[in-house]
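Structure first, then comments.
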Amino acid sequence: MAGMLYLVPTPIGNLGDISQRCRETLEQADFIAAEDTRVSLKLLNHLGIKKPLVSYYEHNREASGQKILERIEQGETCALVSDAGSPAISDPGEDLVALCAQNGITVSAIPGPCAAITALSISGLPTGRFTFEGFLSTNKKNRQEHLALLDGEQRTMIFYEAPHKLTGTLDDLLHAFGPDRRISLCRELTKLHEEVIRTTLQGAVDYYAENAPRGEYVLILEGAEPPAEETLSIEDALALVAKKIEGGLSKKDAVKQVAKETGLSKNILYDEAVKL
Ligand code: SAM
């Protein structure tokens, strides 16, 4: 019988965030696939867990993915971890999950630390609808295309960013979304120097012109205002009424329909229509 693949999230800063279930899954797995085996070995040593480790990262994912799949098909259980946070979220794993799914292997994800969701929840910005944008490309053209696609995006947007690229990214966001757009800059989450700066894009650019960025960042950007509802003028609405009357409706029914379609007051529309 085939084994299975577990996605095991690991702490994004505070080792206390490893859950009992993650610990047990790592202990029970036949082997662990890790983004960087040295990083994961430190965690495993901390947890007192000894397991065979294989490397699975961006540049060996095809060859390594096939080997992992074969082992699972032969009955072994694999736990996948990344350096920090949830595997497959801006981290290796996405392809391995797809490969296993395509080959009928059961994949189970253990819930746990994810920088994006941790930051979103403390951002103070709307959390009802959001989009995860990950890292903006360092390629200028791709970056501009990505930002252009977000023009008018009304949902809260989540970006990952490294400290040395933060000021450049803030400049680009300011250019794309304007100075008054609210942003929450969440850094060093779950660590000693955890900080959330809730400001505007202009405020963020000004702040980091004076202060050097430190630590890993999640940027939570407010969505665009919905476009102002276009209100039809009474003259345009009356033209619609006239058209419907020409089409055979009674004045009363035409007014009723146009009021419903435009949101204008039925009484006002009727009074005006009577004057026609
Ligand atoms: N898979 C991970 C997750 O679930 O969050 C994300 C991995 S991605 C390669 C690394 C990025 O996550 C960092 O550049 C940063 O944007 C964000 N990140 C990770 N840990 C963080 C922390 N403690 N505080 C703020 N951002 C963090």
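The values are calculated or read from the model by the stated rules, or taken from the named source; none is laboratory data. These numbers were taken from a predicted model, which means no experiment stands behind them. Positions of Cβ are backbone-derived with ideal geometry, glycine not excepted, and every protein chain shown enters the neighbour counts.
Answer yes or no: is there a residue in the stretch 9-19 that is of a type in the set (D, E) and surrounded by 15 or more Cβ atoms within 10 Å (Cβ to Cβ).
Yes, there is a match, as at least one residue in the stretch 9-19 is of a type in the set (D, E) and surrounded by 15 or more Cβ atoms within 10 Å (Cβ to Cβ).
I need the full set of residues from the stretch 115-124 which are surrounded by fewer than 19 Cβ atoms within 10 Å (Cβ to Cβ) and in contact (Cβ under 8 Å) with a residue 12 or more places away in the chain, in order please. Those that are surrounded by fewer than 19 Cβ atoms within 10 Å (Cβ to Cβ) and in contact (Cβ under 8 Å) with a residue 12 or more places away in the chain: I122, G124.
Quick check on my filter: what residues within the stretch 111-150 are among the hydroxyl-bearing types (S, T, Y) and touching a Lys or Arg at 6+ places or on another chain (Cβ under 6 Å)? The answer is T131, S137. Of all residues in the stretch 73-86, those that are in the same structural domain as F31 (by TED's automatic domain parsing) have Cβ atoms under 6 Å from Cβ atoms of residues that are in a helix (DSSP H, G or I) and surrounded by fewer than 17 Cβ atoms within 10 Å (Cβ to Cβ), 6 or more apart or on another chain, in D83/V39.
Residue-level check: of (1) under 30 Å from R21 (Cα atoms); (2) in a helix (DSSP H, G or I); (3) not hydrophobic (A, V, I, L, M, F, W, C), P92 misses just (2).
Which count do you get for residues in the stretch 137-161 that are within 21 Å of R198 (Cβ to Cβ), part of a loop (DSSP other than H, G, I, E, B) and not acidic (D, E)? The qualifying residues number 3. Tell me yes or no: at least one residue of the stretch 127-137 is more than 16 Å from the ligand (Cβ to nearest atom), in contact (Cβ under 8 Å) with a residue 24 or more places away in the chain, assigned by TED's automatic domain parsing to the domain that holds I49 and not charged (D, E, K, R). No, the conditions are met nowhere in the stretch 127-137. Take the stretch 172-216 and flag every residue that is part of a loop (DSSP other than H, G, I, E, B) and exposed (fewer than 15 other Cβ atoms within 10 Å of the Cβ). If the condition is that a residue be part of a loop (DSSP other than H, G, I, E, B) and exposed (fewer than 15 other Cβ atoms within 10 Å of the Cβ), then G178, P179, D180, K191, L192, H193, N211, A212, R214 are the ones that fit. The selection criterion, being outside the structural domain of S265 (by TED's automatic domain parsing), outside any strand (DSSP E or B), closer than 22 Å to F159 by Cα and of a type in the set (G, A, S), does not hold for A228. On inspection, A239 qualifies as surrounded by fewer than 16 Cβ atoms within 10 Å (Cβ to Cβ), among the aliphatic types (A, V, I, L, M) and assigned to a helix (DSSP H, G or I). Working only within the stretch 126-147, note down all residues that are touching a Phe, Trp or Tyr at 6+ places or on another chain (Cβ under 8 Å) and small (G, A, S). Hit for the stretch 126-147 is G134, nothing else. When we screen N103, N45, N60, N14 for residues that are within 14 Å of the ligand (Cβ to nearest atom) and among the polar types (S, T, N, Q), the only hit is N14. Restricting to the stretch 174-226, name every residue that is in contact with a Gly (Cβ under 8 Å, 6 or more places away or on another chain), more than 16 Å from the ligand (Cβ to nearest atom) and touching a residue at least 40 places away in the same chain (Cβ under 8 Å). Selection gives A224 alone.
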